[in-house]
Every structure is written in structure tokens, then in C-alpha cells.
Amino acid sequence: MTLREAGVTLIDCDHRTPRTAENGYPYIAIPQLKDGHIHLDGVRRISPADYFEWTKKLKPQEHDVIVVRRCSSGDSAVIPAKLECAIGQNLVVLRADGRHVYPPFLRWLVRGPDWWNQVGKYINVGAVFDSLKCREIPHFELRVPPLPVQREIASLLGALDDRIALLHETNATLESIAQALFKSWFVDFDPVRARQQGLAPEGMDEATAMLFPDEFEESELGLVPRGWRLIPLSKAFEINPSRKLKRGETAPYLDMASVSTQGHIVGAPIEREFGSGTKFVNGDTLLARITPCLENGKTAYVDCLPDGQTGWGSTEFVILRPQPPLPSYYAYLLCRHGAFRNFAIQSMSGTSGRQRIQNDVLGRYPIAVPPPALADAFGQVVSGLQSTIAANHATAQTLSTLRDTLLPRLISGQLRVPETESQIEEATA
């Protein structure tokens, strides 16, 4: 049946753009839609007055599905509970009335093979971008399982999706712990200040605490804990270190789109013949050097390559690798640190719209290098966090693949919900 016959209503967005506000309600645009979910990192905010104005026609509610009708036409994301937001241009909302389509099932119906077949049938191919017309989407013909089956499918896939979301949330928490530890030890020098006052450093065992000095001393670049070295980044790190990769050799490739603005994980590399670009191995940190990628926070820690493999990527990456005694994850945490990022952004040069941070300028940033024993203690803590993040990501990827494999088979009736239990148990064992 068609979406209209199934009781699914299409509501178009307001074809204007409100002013950005410092605080207020999220204004959802295409970049916020990822893997069926709304991601609020970097989202624009609009004032309460504009929110009221922009939601007169369309006020999103739980289980509504946002559909992209221009550029990445057909992509979608579900509205979660309690999210008050406005919808941006080139998006529409689908809403099920529950008569033929169970509202929590709608998000899965518009990700199945029938949906994408209809997108391919109705899409308008333009010179600049593809698009879908609002008047045509309600005529999409989709196979709609009986309501009891829809409830089972929505429950099963929703549970899988919740587990994936929990893994991502856990990773965000683990990274925030690592970043807080980095700032405390190497920026604010909290343990040193505590010992200077005769106090025990908070949350630290005595053996680790004794690795920190109890006073500061002057250096050429400013105050530093006694026994530490404050040196330029160029002397503490390798910048674009030499890596071996022959021209024409096939190797894992990462483009700028594969690197996230949040979290150290990168998208899956693709195999591609090496031409020209930056080269990296596991343990390297990738930092976007060009505007707006640098401002947006595109940074990654490489831990996705096979052992001994060299990968390559965009020439707009700076590759950073700490020299001993600093652990490799230190570079990634530094690149996420606000003061370092501000230094890099403010030091960019070049023509408008093509500004970059140059290696020699980046190399001037001061780094506080501790004695080897303390650096090793930090490395043991953060490497454990990094390994757990990588393992959680691998599990999430497995579950995502399983979810996307089950979806078309469940909707078509080729597979029933009880038959999927063993597959899920195997994937999560």
C-alpha cells in the first residue's frame, strides 16, 4: 500500500531560515541526521520566539521520522522522546496515525529495501543535487507487515539500537575521563598543586601521587613542575613522520569525511591505490589543518589498521606522534584540548576560505614533558581507556551490521523475530 493509504502523513518544513541564537532550541538540519538518529553536536540554536514561529506548521513529536528530500535524498532519522526542536529546510516529517503503521515501526519501514526502491524510482536527478518532491513521497508503495509483526520488529530492532547507543554513550564518557585526566595532570598540574599544599592528590593512589613533584620551577617558556621539561611541540612530537608506502600500492585510505568532530574513532577505511597524501600507522593522531575542518574539530586517533599496515589520507591532515616518554594517546588528547585548538585556529594563515595551520607554527606550541615513570603511569591509564573505546566501537559495528542485515528480512517476512534470537546471542557473546 502507499504511505497515504497506510495513514502516514507528510508534513513539510518551513522554507525559511531563522536567526542563530546563543541559547535556545535545536534547529535540526541535514548534518544532524546520522544512522537513523539525530545528533545534536554542533547543532544551531534558535530563540524561543523563533521556535514558536517555526513550529506553528510543524511541531515534531516522538516517533515522527525526518526524511531528507534534497542532497542525501531518502535518508532519515527518528525523533526521540522529549526532544523539542524545529526542522530545517529540505527536510520533511512523516507521522503515522497508528491505524496501519505502528508509530515506533515507521522509522524501520523507511529504512527498508522497499523504501529505497521507491526513492530510486521517484528521485529527480539534478546537475547539482538529487531531490524528492513532497507531493510524490505519499505515493511510495511499501510492504507493510501486520501490526502485531510490526510491534515485534520495532521492539527487537529498537533494543539492538539502544545497545548500540549505549556503547556510543559509554565511549563518550570514557573519552571525557581521559580528557579530564590529561587536563588535570598536564595543563592544570592539579596533583603538583595538591602536594604543594601538603594534600593528597584527589582520586590517586599514593605510589602514583609520589611521582609528582611538590613544587614548580621556572623554565624558558614559563613555570613547570620541578623536574619536568617545557619544550616546543616540534621537539616533543614527530610531525608528519616518515612512513613507507609506494606509489600505486593499495592501502587503507581515509578521507576527511571519515574523521569525526567528536571521538577518536574513524570511519571504515577503503582500499585505494596510493597517489599522494599523508601516511600514518596505528598510534598516530590525525588533525585536520584546513578551515572549516579544524574549527569543527575533525581529529582522530588511528587504531583501525591491521598490525604493520600503513594507511594514507588527505593532504589536509597533520600527522602527530609523541616521542618517548609521552604515550601515543597523549597527542590525541592534546588535539582535543581547548587551549591547543584555539592556538591552532588562531594561527592559521592563507587566503579566505582556504586557511591552514602550518607545521612550523604548530610546532611552537609548548608541551610539558614529565619524567618517564610518570608518563608511563599516564600511558597505562589512558591506553586502557583507548582500548576499551576501540572494543566498544567494534561491538557497536557488529550490532549495526546485524541490525541492517535483519531489517529487510524481517520486513519482507523471510525471517521471523523468534528466529533472530540465536544470531543476536552469537553477535553479542
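Pick from Ala49, Ala257, Ala339 the residue whose mean-square fluctuation is largest in a GNM of the chain, springs joining Cα atoms under 10 Å.
In the Gaussian network model the winner is Ala49.
Which value results when the Cα radius of gyration for the range 1-137 is divided by 2.2 N^0.38 Å?
So the range 1-137 has a normalised radius of gyration of 1.02.
Report the rotationally averaged projected area of the range 94-173 based on its alpha-carbon convex hull, in square nanometres.
Over every viewing direction, the Cα hull of the range 94-173 projects on average to 7.4 nm².
From the phi of every residue in the range 234-247, what ³J(HN,Hα) in whole Hz does the Karplus formula 6.51 cos²θ - 1.76 cosθ + 1.60 yield, where θ is phi - 60° and glycine or proline is x?
Calculated HN-Hα couplings, in order: 4, 9, 9, 10, 8, 10, 6, x, 5, 9, 9, 7, 7, 4 Hz.
What trypsin sites (Lys or Arg not before Pro) in the range 42-77 are in a loop by DSSP, with at most 13 other Cβ atoms within 10 Å of the Cβ?
For trypsin sites (Lys or Arg not before Pro) across the range 42-77 that sit outside H, G, I, E and B with at most 13 neighbouring Cβ atoms in 10 Å, the list reads Lys56, Lys57.
Hey, how many Å between the Cα centroid of the range 314-343 and the Cα centroid of the range 186-223?
A separation of 23 Å, based on Cα centres.
Once the Cβ-Cβ distance between Ala200 and Ile11 is put in as r, and R0 is 56 Å, what FRET efficiency do you end up with, to the nearest 0.05?
So the FRET efficiency works out to roughly 0.40.
Mind checking which of Pro201, Pro60, Pro104 has the largest fluctuation in a GNM of the chain, springs on alpha carbons under 10 Å?
Pro201
For the range 181-262, what's the radius of gyration and Dmax over Cα atoms, in angstrom?
Here Rg and the maximum Cα pair distance are 19.7, 61 Å.
If you take the alpha carbon radius of gyration of the range 135-245 and divide it by 2.2 N^0.38 Å, what ratio comes out, to two decimals?
Rounded to two decimals, the normalised Rg is 2.03.
Loop only per DSSP, at most 13 neighbouring Cβ atoms within 10 Å: give me the trypsin sites (Lys or Arg not before Pro) in the range 384-429, ordered by residue number.
The qualifying sites are Arg416.
Contour minus end-to-end for Ala394 and Leu83, with contour as 0.36 nm per residue of separation and end-to-end as the Cα-Cα distance?
Extra length available between Ala394 and Leu83 comes to 109.1 nm.
Assigning unit charges at the beta carbon (Lys, Arg +1; Asp, Glu -1) and nothing else, what dipole magnitude in debye, to the nearest 20, does the chain show about its Cα centre?
Its charge dipole is roughly 1460 debye.
Take the residue pairs Lys82/Lys183; Lys82/Lys298; Lys34/Lys133; Lys183/Lys298; Lys244/Lys298 and return only those whose Cα atoms are more than 31 Å apart.
Check vs 31 Å cut-off fails for Lys82/Lys183.
So which GluC sites (Glu not before Pro) in the range 212-298 pass both tests, a DSSP loop state and at most 16 other Cβ atoms within 10 Å of the Cβ?
Glu215, Glu220, Glu249
Using amide H atoms built 1.01 Å from N in the peptide plane, name the residues 5+ places from Phe216, or on other chains, whose amide H lies under 5 Å from its own.
Close amide H contacts, sequence-distant or interchain: Arg226.
Using only Cα atoms, locate the centre of the range 8-61 and the centre of the range 125-155, then give the distance between them in Å, rounded to an integer.
After rounding, the separation between the Cα centres reads 22 Å.
Coordinate-derived values only; no laboratory data. Note that the structure is predicted; figures quoted are calculated from it, not measured. Neighbour counts are summed over all protein chains in view; Cβ atoms, including those assigned to glycine, are modelled from backbone coordinates with ideal geometry.
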